[in-house]
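The values are calculated or read from the model by the stated rules, or taken from the named source; none is laboratory data. A quick note: this is a predicted structure, and the numbers were derived from the prediction, not measured. Cβ atoms come from the backbone with ideal geometry, glycine included; neighbour counts cover every protein chain shown. Protein only, heavy atoms only, side chains kept; ligands, DNA and RNA dropped before computing areas. Shrake-Rupley method; radii C 1.70, N 1.55, O 1.52, S 1.80 Å.
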Amino acid sequence: MREVLETAAFIGGPALSRFERAFAQYIGVDHAIGVANGTDALELALRTAGIGPGDEVILPTNTFIATAEAISAVGARPCFVDVDEQDLLLDLERAKEAVTDKTKAIVPVHLFGQMVSMGPLLAFAKAHGLLVIEDAAQAHGAEDTGGRKAGSLGDFGCFSFYPGKNLGAYGDGGAVVTPDGAHATMLRVLSNHGRAESGGHTHVGRNSRLDGLQAAILDAKLKHLDTFNRERREAAVRYDVLLEGLSDITLPHVRALPSHVFHLYVIRCERRDALRAHLGRAGIATGIHYADPLHLTPAYATLGYPKGSFPVAEKAAREIVSLPISPDITEDQQARVAESIRDFLRGAS
Ligand SMILES: *Cc1c(COP(=O)(O)O)cnc(C)c1O
């Protein structure tokens, strides 16, 4: 940070290049391009892919609204699909049914920190000529059984460095990674006012840049990401043990530990709202990710998906609750959360 201040390299500069190189290497792709936030990362990937008005893009209905906003921002239509009952990630069988002759891309969202099973998805995308744009905003460092990281398997991998994410800046930030040199060049052009390396404005672009201070912070924190993720996994395993065998609580379904970096630890409970209120009274903050499946949000009412369109996601939305988790949560704090949940179940049953 001091180097950025002393050299006044606030936008661009060596700190940004250093972080972009380190992040690309960490994820296992040739190119990383810093941008202003995760939503822009998705939007710029879509624009670089040439997706726009008249096109359709498939995404899960249970995700943060930013995934859909980026699709809307380029003028394409978000096509929601239901999620898997167990892991609440995109249900590939439902995605297959949603393909039309307008479908151009599919966006697997590695939600809660757990990777979508990419093998079958990539095969499906290839068979239909669809681009794959991974939303890895919650999954920095998650890896499949082959050791390949979230974001490195599709045509584009999109990341957010919002402070609460597994790799967080001290403000907003994001990045797109891609194995394709031409795509990388276009991402740089579009995110910097359409300015080509020659200096000429070849496209009508945007201002979406990752600044030098944030890059310096991210470069320092990246060295600790594997430790942070290990600590999150250890905390998740502790919750699993503490909450084991409670009949009214469903614990997160984890396919393989390395594929999950526990951005969130999401349990299910039919009396979710009462449970949250009980925890709240004990001074334990919880969250809901997300309260409305996107097709039922007022923002996307115009797309005309009636209630009942995606029953798995709709049911889950009534039952999910995210417990406190972070690399530095203590065993005592987790024991308190578990005790309060047991207390609720005893009192209410
Ligand atoms: C955080 C997040 C984004 C958007 O990132 P911002 O940096 O907040 O714009 C996109 N998708 C998912 C799944 C996210 O969790």
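Which of (1) more than 16 Å from the ligand (Cβ to nearest atom); (2) of a type in the set (Val, Ile, Thr); (3) surrounded by fewer than 19 Cβ atoms within 10 Å (Cβ to Cβ); (4) in contact (Cβ under 8 Å) with a residue 40 or more places away in the chain does Thr7 not meet, given it meets every other one?
The single condition Thr7 does not satisfy is (4).
Please pick out the residue among Val189, Val132, Val177, Val116 that is farther than 22 Å from Val261 by Cβ and either outside any helix (DSSP H, G or I) or in contact with a Lys or Arg (Cβ under 7 Å, 6 or more places away or on another chain) (or both).
Result of the check over Val189, Val132, Val177, Val116: Val189.
Can you pull out the residues in segment 291-327 that are open to solvent by less than 20 Å² (accessible area, probe 1.4 Å), aliphatic (A, V, I, L, M) and either at pLDDT below 95 or outside any helix (DSSP H, G or I) (or both)?
Matches in segment 291-327: Ile320, Val321, Leu323.
Could you please let me know if Leu111 is open to solvent by 10 Å² or more (accessible area, probe 1.4 Å) and either over 15 Å from the mean Cα position of the chain (by Cα) or aliphatic (A, V, I, L, M) (or both)? Show your work before the answer.
Working: open to solvent by 10 Å² or more (accessible area, probe 1.4 Å): no; either over 15 Å from the mean Cα position of the chain (by Cα) or aliphatic (A, V, I, L, M) (or both): yes.
In short, no.
Condition check ((1) under 22 Å from Lys307 (Cβ atoms); (2) within 13 Å of the ligand (Cβ to nearest atom)) across all residues:
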{"residue": "Arg77", "(1), (2)": "yes, no"}
{"residue": "Asp82", "(1), (2)": "yes, no"}
{"residue": "Gln86", "(1), (2)": "no, no"}
{"residue": "Asp91", "(1), (2)": "yes, no"}
{"residue": "Lys96", "(1), (2)": "no, no"}
{"residue": "Thr100", "(1), (2)": "no, no"}
{"residue": "Pro108", "(1), (2)": "no, yes"}
{"residue": "Pro120", "(1), (2)": "no, no"}
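Restricting the search to segment 23-42, which residues are open to solvent by 30 Å² or more (accessible area, probe 1.4 Å) and either within 16 Å of the ligand (Cβ to nearest atom) or touching a residue at least 40 places away in the same chain (Cβ under 8 Å) (or both)?
Selection gives Tyr26, Gly28, Asp30, His31, Asn37, Thr39.
Here are some residues: Arg209, Arg230, Arg238, Arg268. Which one is closer than 24 Å to Val109 by Cα, open to solvent by less than 80 Å² (accessible area, probe 1.4 Å) and of a type outside the set (Asp, Glu)?
Arg268
When only residues in segment 241-273 that are in contact with a helix residue (DSSP H, G or I) (Cβ under 9 Å, 6 or more places away or on another chain) and among the charged types (D, E, K, R) count, which is nearest to Leu225 (Cα to Cα)?
Arg268
Based on this model, can you work out whether Gly52 counts as free of Cβ contacts under 8 Å to residues at least 40 places away in the same chain and either out of contact with any Pro (no Cβ under 7 Å at 6 or more places or on another chain) or at positive phi (or both)?
Yes; evaluated as a whole, the condition is true for this residue.
Might you check whether a residue that is open to solvent by 20 Å² or more (accessible area, probe 1.4 Å) and in a helix (DSSP H, G or I) occurs anywhere in segment 137-160?
no
Considering only residues of segment 324-339 that are polar (S, T, N, Q) and under 21 Å from His289 (Cα atoms), which is farthest from the chain's Cα centre (by Cα)?
Only one residue tops the list, namely Gln334.
Tell me, yes or no, whether segment 232-245 has at least one residue that is more than 21 Å from Ala66 (Cα to Cα), more than 16 Å from the ligand (Cβ to nearest atom) and at pLDDT below 95. Show your work before the answer.
So in segment 232-245, the residues more than 21 Å from Ala66 (Cα to Cα) come out as 232-245.
The next check asks that each one be more than 16 Å from the ligand (Cβ to nearest atom); those that pass are 233-245.
Next, only the ones that are at pLDDT below 95 stay: 245.
The answer is yes; a qualifying residue exists.
Output the number of residues of segment 50-73 satisfying the condition of being among the hydrophobic types (A, V, I, L, M, F, W, C), touching a strand residue (DSSP E or B) at 6+ places or on another chain (Cβ under 9 Å) and surrounded by fewer than 24 Cβ atoms within 10 Å (Cβ to Cβ).
Looking only at segment 50-73, we keep the residues that are among the hydrophobic types (A, V, I, L, M, F, W, C), and these are 51, 57-59, 64-66, 68, 70-71, 73.
Checking which are touching a strand residue (DSSP E or B) at 6+ places or on another chain (Cβ under 9 Å) leaves us with 51, 57-59, 64, 66, 68, 70-71.
Remaining after also requiring surrounded by fewer than 24 Cβ atoms within 10 Å (Cβ to Cβ): 51, 64, 66.
Here the count works out to 3.
Counting just the residues of segment 88-107 that are of a type in the set (D, E, K, R) and in a loop (DSSP other than H, G, I, E, B), which one comes out farthest from the chain's Cα centre (by Cα)?
Quick first cut of segment 88-107, residues of a type in the set (D, E, K, R) only: 91, 93-94, 96-97, 101-102, 104.
Add one more test, that the residue is in a loop (DSSP other than H, G, I, E, B), and what stays is 91, 101-102.
Details: Asp91: 16, Asp101: 27, Lys102: 25 Å.
The extreme case among them is Asp101.
Regarding Val177, is this residue at pLDDT 95 or above, open to solvent by less than 10 Å² (accessible area, probe 1.4 Å), under 24 Å from Arg47 (Cα atoms) and more than 10 Å from the ligand (Cβ to nearest atom)?
So Val177 passes the test.
Just checking, does segment 337-348 include any residue being closer than 22 Å to Leu89 by Cα, open to solvent by less than 40 Å² (accessible area, probe 1.4 Å), in a helix (DSSP H, G or I) and in contact (Cβ under 8 Å) with a residue 40 or more places away in the chain? Please lay out each step first, then the result.
Step one: of segment 337-348, the residues closer than 22 Å to Leu89 by Cα are none.
The answer is no; no qualifying residue exists.
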